[in-house]
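To keep things clear, I will list the structure first and then write my remarks on it.
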Amino acid sequence: MPVAALQGVGTTAAMPSRKERGQSALAVVIGSALEWYDFFLYTLLVGSVMSASFFPSTDKFVGTVAAYATFAVGFVARPFGGLLLAALSDRFGRKRILVFILLLTGGSSCLIGLLPTYASIGLAAPLLLLVLRIIQGVGAGAEFAVAAVYAVETGAARHSGVRGALPATGVYAGMLLASAALGIFSWLTGPAFADWGWRIPFLFSGLLLLAGVWIRRNLSETQAFQAAQNAHETQRQKRTTVRTLLRDEWRGVLIVIGAQFAQAGLGFLFLTFTSYYLTTTLGMPRSVSLHATLIAAAVAVVTAPLFGALADRIGVRRFFIGALLFSIAASIAYFPLTETRSPMLIYLAMVLTIGIGVNGLLAVQGALFSAQFPAAVRASGVALGRELSTAVVGGLTPILAIYMLRGAGSTGVAALAVGLTLVSLLTVVFCRGKNTMRDGE
């Protein structure tokens, strides 16, 4: 059964035209793709090029951990930036903030491509990188929440699964684009890629930024947001969004925090840790890691909208639980597959964990998380819960995985992945917010 009607979504008075729905879908997918292209560039390079360029050390392990620390710092900024920008979108509209988010992350990504290395300016290099990562984290913290809410609010409630999957499609399209850019420029620049070739994909994001801003500037504001703004009872709420959220909607925030553990942990574990694990531990060429990510992203781009459509038929919560169970099985299978050192089996491991498991969780988050909050605080609620969880779990999991690998081997890393997934499973199975899971059950 489809997700039950969200407040202000899917009513006859609030239904945009088919053309408007098509334009908003395109804007969400393309905008999210450009946004996450920037973010994934750093994610894919943090364990190799970035650590060598900005955190040189006589102990390679220490340098790698330092580089991953800047990765984690970007996550620390996510809940603050996410809540601030999402609250502004609840007050002033989704469209303006979606444009501003692109400027933040796209601009910081271009500047990363221009940064001098540690060899040129010493300690100033990692400090400047840290500042840019914080700015990037502020924008990334709001992107998914605001884009998902915008997508859900511009469609009928019975299609909230499909609409909510649009940002997920954009996320993996961005990952696909980032992986392809790194592969192409790595091939073109050859050995020079580690010296200066890695800068080209970051600078290329400037062109993508201009395209994304132009697309999002032509969006129309959602009628659900306008209805919430015009309602008598929201005149006070729009000035106290955060206070209202924490006072009245704390159950929804806690549900989102717990439900997000698996996607945040497994997503950044297998995306970020894989590059380090394959090249450093297994001695595989960097191209194998890039190709694995590329294939998994291509599968996810195709399957994300299909997962959304399936969730509309069987229930969003039911689908989410199924995706969690699949993710547990995929996490257990990941290391036996990768330890064969067979590129084909490594590709299969990434498709199972990222292309299907994590993608299934991400695809229905827009509908599941949006359903926990009324329209007046919807973006703020999704951003706060999602980004608090992502900041702690997503930022620290790759670092924990490195230490677990050193102390307990691949079994310890697999246990970490399963444990994170169980937290989300228990949350979704046993918890109910004031607004309920609203999946038609």
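Structural remarks
- Each residue in the range 286-327 was checked for being more than 14 Å from residue 354 (Cβ to Cβ), hydrophobic (A, V, I, L, M, F, W, C) and buried (at least 22 other Cβ atoms within 10 Å of the Cβ), and 5 pass.
- When 67, 87, 33 are checked against the criterion of being in a helix (DSSP H, G or I), farther than 21 Å from residue 148 by Cα and either among the aliphatic types (A, V, I, L, M) or at pLDDT below 80 (or both), 67 stands alone in meeting it.
- From 172, 150, residue being farther than 18 Å from residue 39 by Cα, aromatic (Phe, Trp, Tyr), in a helix (DSSP H, G or I) and touching a residue at least 24 places away in the same chain (Cβ under 8 Å): 150
- Residue in the range 242-258 that is under 15 Å from the mean Cα position of the chain (by Cα) and at pLDDT 85 or above present: yes
- Among (1) touching a residue at least 24 places away in the same chain (Cβ under 8 Å); (2) within 17 Å of residue 338 (Cα to Cα); (3) of a type in the set (Gly, Ala, Ser) - the single one residue 380 does not satisfy: (2)
- Taken together, 138, 131 contain a single residue that is of a type in the set (A, V, I, L, M, F, W, C) and either surrounded by 20 or more Cβ atoms within 10 Å (Cβ to Cβ) or within 24 Å of residue 260 (Cβ to Cβ) (or both), which is 138.
- The conditions of being modelled with pLDDT under 90, over 25 Å from residue 153 (Cβ atoms) and in a helix (DSSP H, G or I) are met by residue 393.
- Listed by first and then second residue, the pairs with beta-carbon distance under 9 Å, at least 6 apart or on different chains, first residue in the range 317-330 and within 17 Å of residue 260 (Cβ to Cβ) and touching a residue at least 24 places away in the same chain (Cβ under 8 Å), second surrounded by fewer than 24 Cβ atoms within 10 Å (Cβ to Cβ) and basic (Lys, Arg), are 317/438; 319/313.
- Matching residues in the range 107-127 - criterion: being under 17 Å from residue 41 (Cα atoms), aliphatic (A, V, I, L, M) and surrounded by 14 or more Cβ atoms within 10 Å (Cβ to Cβ): 111, 112, 115
- Of everything listed in (1) more than 30 Å from residue 307 (Cα to Cα); (2) in contact (Cβ under 8 Å) with a residue 12 or more places away in the chain; (3) in a helix (DSSP H, G or I); (4) over 22 Å from the mean Cα position of the chain (by Cα), the single unmet condition for residue 130 is (4).
- Counted residues, the range 398-412 - those being at pLDDT 85 or above and surrounded by 24 or more Cβ atoms within 10 Å (Cβ to Cβ): 1
- Set side by side, the residues 222, 189, 169 differ, and just one is at pLDDT below 85, out of contact with any Leu (no Cβ under 9 Å at 6 or more places or on another chain) and surrounded by 16 or more Cβ atoms within 10 Å (Cβ to Cβ), which is 222.
The values are calculated or read from the model by the stated rules, or taken from the named source; none is laboratory data. Remember, it's a predicted structure, so these values are computed and weren't measured experimentally. Counting neighbours? That spans all protein chains shown, and the Cβs are built from the backbone with ideal geometry, glycine included.
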